[in-house]
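Notes follow the structure.
Only the coordinates and a few stated rules stand behind these numbers; no lab work does. Model, not experiment: these values are computed from the prediction. Every residue, glycine as well, gets a Cβ built from its backbone with ideal geometry; the counts of neighbours run over all protein chains shown.
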Amino acid sequence: MHRLALGLALAASCRAATEHAPCGSVALRFETVARGELESATIDPSLRADVLAELPAMRDSLAGLCRDGAWPAAVRDCMARAQTRAAIETCESALGDAPRAALDRVMHRETGPR
């Protein structure tokens, strides 16, 4: 019985190691990186507050684009590990033209004029 439990635990850990980042993790990483960069940026406090208020909508939009566009696992993994905006943008460059254009449209719409 113990061998069976150990075997199942090992099989589960091997399977988990090969899973790729889900779109929700990608979107959460984007929000975390953006929030951190905004907190340390030298910008007008009201602009910072406005952008921080938009981050949840941007996160949700990014997650939807990722899911709907079936972003490749390599791009999702790259973005989920990214520590800076520049690193995220590098990961995004591996997307095709159509997914990148959709991402640009959504991100500009979320931060555009009101």
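Just name one of Gly96, Ala86, Val51: the one whose Cα is farthest towards the positive end of the charge dipole of region 21-111 (beta-carbon charges, Lys/Arg +1, Asp/Glu -1).
Farthest along the dipole direction, towards plus: Gly96.
For the pair His108 and Asp50, what calculated FRET efficiency results from E = 1/(1 + (r/R0)^6), where r is the Cβ-Cβ distance and R0 = 22 Å, to the nearest 0.05?
E(calc), rounded to 0.05, equals 0.90.
Under unit Cβ charges (Lys, Arg +1; Asp, Glu -1), what dipole magnitude, rounded to 20 debye, does region 21-111 have relative to its Cα centre?
The calculation lands at about 240 debye.
Report the FRET efficiency, 1/(1 + (r/R0)^6), for Arg100 and Leu28, where r is their Cβ-Cβ distance and R0 is 25 Å, rounded to 0.05.
Result of the calculation: an efficiency of 0.80.
What net charge do the residues around Ala98 carry, taking every other residue with its C-beta under 14 Å from that of Ala98, with Lys and Arg at +1 and Asp and Glu at -1?
Cβ neighbours under 14 Å give a net charge of -2.
Before anything else, pin down the relative contact order of region 21-111: Cα pairs under 8 Å, at least 6 apart, normalised by residue count, whole percent.
41
Take Ile43 and His20, extend 7 Å from each Cα along the Cα→Cβ direction, and tell me the distance between the two endpoints in nm.
In this crude spin-label approximation the distance works out to 3.1 nm.
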